[in-house]
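First up is the structure itself, then whatever we jot down about it.
The values are calculated or read from the model by the stated rules, or taken from the named source; none is laboratory data. Note that the coordinates shown come from a computational prediction; the quantities given were computed from them, not determined experimentally. Positions of Cβ are backbone-derived with ideal geometry, glycine not excepted, and every protein chain shown enters the neighbour counts.
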Amino acid sequence: AANGAFAAVDLGASSGRVILGRPADGKLALEEVHRFENRPVRVHGTLHWDILALYRGVLDGLRAAGISAGTAPGDLASVGIDSWGVDYGLLDADGALLGNPVHYRDARTEGMAAEIDKLLPARELYAHTGLQHLPINTLYQLAAARGSRQLSAAHRMLLTPDLISYWLTGLGGTETTIASTTQLIDPGTRDWSRPVAEAAGIDLSLFWPLRSPGDAAGTLLPGVLAETGLEGPVPVTAVGAHDTASAVAGVPATGDRFAYIATGTWSLAGVELSSPVRTEESRLANFTNELGVDGTVRYLRNIMGLWLLQECLRTWRAEGGPHDLEALLEGAARMPGLRSVIDAGSPEFLAPDRMPERIAAACRRTDQPVPRDPAETVRCVLDSLALAHRQAVFDARRLSGQEVEAVHVVGGGARSALLCRLTADACGLPVVAGPVEAAAYGNVLVQARTAGVVNGPLEALRGLVRESLRLRQYAPAGDQAAWERAAARVREHGKETPCA
Ligand code: LFR
């Protein structure tokens, strides 16, 4: 069946899913066939990803995909894998995994930026890589792992989606969009930055050669076919292996005058460009130049995103407090806005645990009313996210010169009418919300184009997304001056924020 279904494996920080996409009649129908939790595990103080549980979820998902698509040869036309960025697994010379991948929220990267700065000043690092300073970046993780026996014993290094791909196919490769999250890629040449690797003492031969979205990445191994009940050959296609790259490819925009906010555990807010912006101003504004599909650059800022809410809920649940996010959001929607705002871009919120307390402390420190209950905390978080979205969209526009007429909110946050409405109000721009599964759209469309089932440039692929679902629109309302004042409050206190 030449027009078979395509499986998108999309691994997020809080859950993984396998989604089947069937392109037909200028549309793309998606079906979620499997979803599984992603629960990090702390062992002897180090926070890890449970990578084999995730791989188990992928295998279960591929089996479910086969049941839905058909298990005959060609029914499942191809598989594409995307995941969160920056993390990796190490292989020994026999191809076995060395240790369990470490979670980017683990504290091991503390102080590593200062270490790297001694080897290569931040200014130069930015001139080479265009990546914002985030403690989670692979570069800092490798600095933390430096001198460890594990790293010394490593023969290969695979970023998360490439590791899954390696287990499925037996073949290694390094997809460029995920590689661009390492802080070892030059977004101008779209190749490794040798000066950075040399200065930081990183051996680039640990990586398999780069490949681009759309490239062939092998076929499922016989053992994988046996375990998933699929009939071979089933090709694996490289997609935008960074989930945010796939999500941005799946933004249903027309033309190029748009900003996007990919919302999930993080909010990634910015614009799409054809070449990187690596000015000093851009560095100080903490903007990143990650690589997108079809030669694009994702010029964006990382904002803490729904993580703030997820962590609050985890704490409240553990204490026997409120469980129901929907109810909390309803309560928050009825409250007066902008009472207290925190800096949702600040790394002080990066680590897990005790989030309500940390939010309260931030409000207290900045002389704002401390949220008195969960609903007030939720309101504070949503106002703060909307405010951070506004700052990122405005800064992206100013620093890149890219015009912006609408803001596309995709990913999990597109479900929240309150977040979308506040974002529209804060930006003073129309918000177009959806799809929630933008990464799966982007993932499937790149595969389908490689298979020759859909055609055209990114803009045509986006047209297909637009045709495939009903998008919600939010017109901006309210008082821009109030958001400006709130922004000034956060800016004023920014200087006092710990580790900002
Ligand atoms: C979103 C995301 C972000 C990246 C963060 C950590 O899922 O991939 O783009 O900065 O996770 O990897």
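Miscellaneous remarks
- Selection count where residues are aliphatic (A, V, I, L, M), outside any strand (DSSP E or B) and more than 22 Å from residue 276 (Cβ to Cβ), scope segment 95-118: 4
- Among the conditions (1) touching an Asp or Glu at 6+ places or on another chain (Cβ under 6 Å); (2) in a loop (DSSP other than H, G, I, E, B), residue 13 misses just one, which is (1).
- Residue count for segment 229-242 satisfying the condition of being within 26 Å of residue 275 (Cα to Cα) and either modelled with pLDDT under 95 or in a strand (DSSP E or B) (or both): 2.
- Members of segment 259-273 that are within 10 Å of the ligand (Cβ to nearest atom) and of a type in the set (Phe, Trp, Tyr): 266
- Within segment 104-131, being within 13 Å of the ligand (Cβ to nearest atom) and surrounded by fewer than 20 Cβ atoms within 10 Å (Cβ to Cβ) holds for one residue alone: 105.
- Filter result (part of a loop (DSSP other than H, G, I, E, B), surrounded by fewer than 22 Cβ atoms within 10 Å (Cβ to Cβ) and either among the aliphatic types (A, V, I, L, M) or on the phi > 0 side of the Ramachandran plot (or both)) within segment 344-363: 350, 351, 353, 354
- Subset of segment 37-79 [more than 16 Å from the ligand (Cβ to nearest atom) and in a strand (DSSP E or B)]: 41, 42, 43, 46, 76, 77, 78, 79
- Yes/no for residue 428 being on the phi > 0 side of the Ramachandran plot and loosely packed, with under 14 Cβ neighbours inside 10 Å: no
- Screening residue 73 with (1) surrounded by fewer than 17 Cβ atoms within 10 Å (Cβ to Cβ); (2) modelled with pLDDT of 95 or more; (3) of a type outside the set (Val, Ile, Thr) gives one miss only, at (2).
- Output for segment 24-59, where each listed residue is of a type in the set (Asp, Glu) and modelled with pLDDT under 95: 25
- Filtered residues of segment 76-98 (kept if surrounded by fewer than 19 Cβ atoms within 10 Å (Cβ to Cβ) and of a type in the set (Gly, Ala, Ser)): 93, 95, 96
- Qualifying residue in segment 193-211 (condition: within 19 Å of residue 443 (Cβ to Cβ), more than 16 Å from the ligand (Cβ to nearest atom) and free of Cβ contacts under 8 Å to residues at least 40 places away in the same chain): yes
- Counted residues, segment 1-32 - those being over 16 Å from the mean Cα position of the chain (by Cα) and within 16 Å of the ligand (Cβ to nearest atom): 1
Residues are listed down the side, and each one gets a yes or a no for (1) assigned to a helix (DSSP H, G or I); (2) touching a strand residue (DSSP E or B) at 6+ places or on another chain (Cβ under 7 Å); (3) buried (at least 23 other Cβ atoms within 10 Å of the Cβ):
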position	(1), (2), (3)
443	yes, yes, yes
453	no, yes, no
477	no, no, no
486	yes, no, no
493	yes, no, no
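- Against the list (1) aliphatic (A, V, I, L, M); (2) surrounded by fewer than 21 Cβ atoms within 10 Å (Cβ to Cβ); (3) in contact (Cβ under 8 Å) with a residue 40 or more places away in the chain, the condition residue 370 fails is (3).
- Qualifying residue in segment 154-165 (condition: crowded, with 23+ Cβ neighbours inside 10 Å, away from the ligand (no atom under 16 Å from the Cβ) and on the phi < 0 side of the Ramachandran plot): yes
- Scanning segment 80-94 for residues being assigned to a loop (DSSP other than H, G, I, E, B), aliphatic (A, V, I, L, M) and more than 9 Å from the ligand (Cβ to nearest atom) gives a total of 1.
- Which listed residue, of 233, 276, is away from the ligand (no atom under 13 Å from the Cβ), farther than 27 Å from residue 310 by Cβ and surrounded by fewer than 18 Cβ atoms within 10 Å (Cβ to Cβ): 233
- Selected residue (only one of 114, 144, 122, 153 is within 23 Å of the chain's Cα centre (by Cα) and over 15 Å from residue 197 (Cβ atoms)): 144
- Residue check, residue 138 away from the ligand (no atom under 16 Å from the Cβ) and either surrounded by 21 or more Cβ atoms within 10 Å (Cβ to Cβ) or polar (S, T, N, Q) (or both): no
- Some residue of segment 240-258 being more than 27 Å from residue 59 (Cβ to Cβ), within 22 Å of the chain's Cα centre (by Cα), within 16 Å of the ligand (Cβ to nearest atom) and touching a residue at least 12 places away in the same chain (Cβ under 8 Å): yes
- Of all positions in segment 305-313, at least one carries a residue that is charged (D, E, K, R), farther than 21 Å from residue 401 by Cα, within 23 Å of the chain's Cα centre (by Cα) and within 16 Å of the ligand (Cβ to nearest atom).
- Candidates 262, 245, 226, 269: the one that is surrounded by 24 or more Cβ atoms within 10 Å (Cβ to Cβ) and outside any strand (DSSP E or B) is 245.
- Criterion: farther than 25 Å from residue 12 by Cβ, in contact (Cβ under 8 Å) with a residue 12 or more places away in the chain, in a loop (DSSP other than H, G, I, E, B) and of a type in the set (D, E, K, R) - qualifying residue of 376, 403, 459, 467: 403
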